[in-house]
Amino acid sequence: MPVMATVIGVDVGGTFTDLVLHDAATGEIRVAKQPTTPAAPELGVLAAVDAAVPPELLARSGHFVHGTTVGLNALLERRGATVGLITTAGFRDVLEIRRGDRDDPYDLFWTPPPPLVPRRLRAEAAERVAADGTVVRALDPESVREAARLFAAEGVDAVAIVLMNSYANPGHEVLAAELLREAGFDGPISLSHDVSGEYREYERTCTTVVDAFVRHRMGPYLHNLERELRGRGFAGELLVTRSGGGALTLAEAAARPFETILSGPVAGAVATARLSQTLGLRTAVAADVGGTSFDTALIEDGRLPLLFQGEVMGLPLQSPWVDVRSVGAGGGSVAVADAGGLLRVGPRSAGAVPGPASYLRGGTEPTVTDAALHLGMIPAGHISGGISLSPEKAAEVLAPLAEPTGIAGADVVAEGVIRIATANMAQAVRGVTVERGVDPRGAAIVAFGGAGPLFGCLLANELDVDTVVIPPNAGNFSAVGLVQADIVRSAARTMVRPLDEEALPAIEAMAGALFGRLSTAGAVREVDLDLRHRGQEHTLTIPLRLGEDDVAAVADRFSAAYHRTFGHQLPDPLEVVTVRATTRIVLDGERPLVPAPPSGAAAGATIRLWSFARRAWADAQVVPRQGFSGPAEGPLLVVEPTATTYVDAGFTAEAHPSGCLLITRKDGDR
């Protein structure tokens, strides 16, 4: 049964930290947006809590769901634990050999990212287990003790143990960990069979090392945040979102931090999937424009695009992973003139500190926000987080770009900045649509984030899309995805065998063993299979209905997915590669869309606004979102506390009963 309780969702972005509170009992909604504090992200989280949640409401909140970029930033900045690796003798250099290929085959100067564990900290254990779990050579305890002495001398903080074929027989990994403890190592130990449980030595090794690397920062951060929340009276459960959707408990996130690497961007995709189901959108594109990045995902039939391996900075991770693509194009993206006099935007960002120049917080470089303010796309004055915008400062930093680029004046520079940022975003959208064989022209763009509603119409023009959806509380919509999260746990185990009548009992037994490792009380159980044609290398993941499906049903489902993906079918027999088990506890199955709060903007105000469709200035109305019904034709600005929606000429905006703002292209305006 769903749990009805007050839920707080907090999403930490590169520039702003967003909060949404939803009281399921009373229907009360609260939102907050505060500047992110990069040096100590928990301070921005606590500032948002203090700004929007009074102590008595915090005390009766049942769940605090957190989307964090701490693990991701640790990887991006290469600031984590000093990790030691114990691996099977002969496999010491797996991290550097990788797959022996190039990420970019056309770049003659491409070099792989350096491994997270230097060679001197990679120790070999004398042991060997066959692919079927048979012990070929027993583990030599002295080789582990020698590794322990090395790690002590080198000041290693955490150890990853990745032994050959341990997914089939983890005994040697367990024994190696015991020997390390006996030798005096008291830091975190990551075991590959616990972290991944899948074959592919490079990917499993990399995943386990990443887990050990980020745990050093993730654990203390989460425990510090919990301590501060408890001190403020919070008595509920702290949850952290997973890269694959859903959430983990604090203890699970601290123990399995690799599952939270993409914690932040996923929440917006989750909220978009829920919204798509509500509105009956067959195809939707999430367009999340924050201060630092643009995150996008393709949602088909209300389903998240779930993968079972992701990648960060060239490092593969064997973990459930919502396919969210990110580019450095946000409100804080910096505009520069390159050596050839071309105008460039991003990926470098002004971030939360100092932020865009118009924030008057020390920024001196022109950004997307400054360009939007100069063009009237954002009304001058105060915005969320107590920030006051200065149009004069925006014009001051934009003007110097005119001479090196040969552009006539700050107006045209600002237009160029916005158009280039839009083109960068559109290219990312094509990556999740066109590259998959999906025509984006048939999709609806769901635009959110602090700057997303500014770009909805511009993206629609760039991609030839007719419909843009602006959700309620658009600026905090990722946090809405957090309060809609379920508690999700998953486990997987490689089991390569033919898909035949004897396979189903073995699959059922394996799934039962995996569920035994997961907390399943009151949870919905889901099983997926990685399948492929015999002789192939890669797989497709197919859902399995235990107790209902026979071999023919599974094969038919695979064939349909194969044809949809590759455009043809093969007669070759199938084989199972991996069994995946997932449990899902629904926190609140009836949680509705969050309505937009009242806006302080005065109805009927006008602003001088740039129309990209007309390439001219126009006098446009500024209307508060609360109470707006429409239809109204652009140029137009619709304002709410956490975002501003820009409606260009050629588009019509009107309110939808769900609380969404629907923007549609007028007939003939293409």
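The values are calculated or read from the model by the stated rules, or taken from the named source; none is laboratory data. From a predicted model like this one, the values you see are computed outputs, not experimental measurements. Quick reminder, even Gly has a Cβ in these numbers, built from the backbone with ideal geometry, and neighbours come from all protein chains shown.
For this structure, a couple of remarks:
- Selection count where residues are in a loop (DSSP other than H, G, I, E, B) and within 14 Å of residue 334 (Cα to Cα), scope the range 363-416: 4
- Listed conditions (1) among the charged types (D, E, K, R); (2) over 30 Å from residue 151 (Cα atoms); (3) surrounded by fewer than 16 Cβ atoms within 10 Å (Cβ to Cβ) are all met by residue 42, apart from (3).
- Residue selected from the range 450-478 under the condition of a type in the set (S, T, N, Q) and buried (at least 24 other Cβ atoms within 10 Å of the Cβ), by the criterion farthest from residue 52 (Cα to Cα): 478
- Selected residue (criterion: farthest from the chain's Cα centre (by Cα)) from residues of the range 68-96 that are outside any loop (DSSP other than H, G, I, E, B) and modelled with pLDDT under 90: 77
- Within the range 178-208, being under 32 Å from the mean Cα position of the chain (by Cα), over 25 Å from residue 114 (Cβ atoms) and either assigned to a helix (DSSP H, G or I) or free of Cβ contacts under 8 Å to residues at least 60 places away in the same chain (or both) holds for 193, 194.
- Of residues in the range 105-141 being loosely packed, with under 11 Cβ neighbours inside 10 Å and either touching a strand residue (DSSP E or B) at 6+ places or on another chain (Cβ under 9 Å) or among the polar types (S, T, N, Q) (or both), the one farthest from residue 577 (Cα to Cα): 111
- Pairs, first charged (D, E, K, R) in the range 607-618, second not in a strand (DSSP E or B), C-beta under 9 Å, six or more apart: 608/376; 614/635; 614/648; 614/649; 614/650; 615/415
Matching residues to (1) in a loop (DSSP other than H, G, I, E, B); (2) in contact (Cβ under 8 Å) with a residue 12 or more places away in the chain; (3) more than 20 Å from residue 646 (Cβ to Cβ):
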| position | (1), (2), (3) |
| --- | --- |
| 271 | no, yes, yes |
| 274 | no, yes, yes |
| 277 | no, yes, yes |
| 281 | yes, yes, yes |
| 287 | no, yes, no |
| 291 | yes, yes, no |
| 295 | no, yes, no |
| 298 | no, yes, yes |
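- Scan of the range 628-652 for residues that are touching a residue at least 24 places away in the same chain (Cβ under 8 Å) and of a type in the set (Gly, Ala, Ser), ordered by number: 629, 630, 634, 643, 649, 650
- Only listed residue being at pLDDT below 90, surrounded by fewer than 24 Cβ atoms within 10 Å (Cβ to Cβ), outside the structural domain of residue 345 (by TED's automatic domain parsing) and out of contact with any Ser or Thr (no Cβ under 7 Å at 6 or more places or on another chain), chosen from 481, 437: 437
Table: residues versus (1) surrounded by fewer than 20 Cβ atoms within 10 Å (Cβ to Cβ); (2) out of contact with any Phe, Trp or Tyr (no Cβ under 8 Å at 6 or more places or on another chain); (3) within 24 Å of residue 475 (Cα to Cα).
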| position | (1), (2), (3) |
| --- | --- |
| 401 | no, yes, no |
| 415 | yes, no, yes |
| 427 | yes, yes, yes |
| 430 | yes, yes, yes |
| 448 | no, no, yes |
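- Residues considered: 610, 617. Of these, the only one that is at pLDDT 90 or above and in contact with a Gly (Cβ under 7 Å, 6 or more places away or on another chain) is 610.
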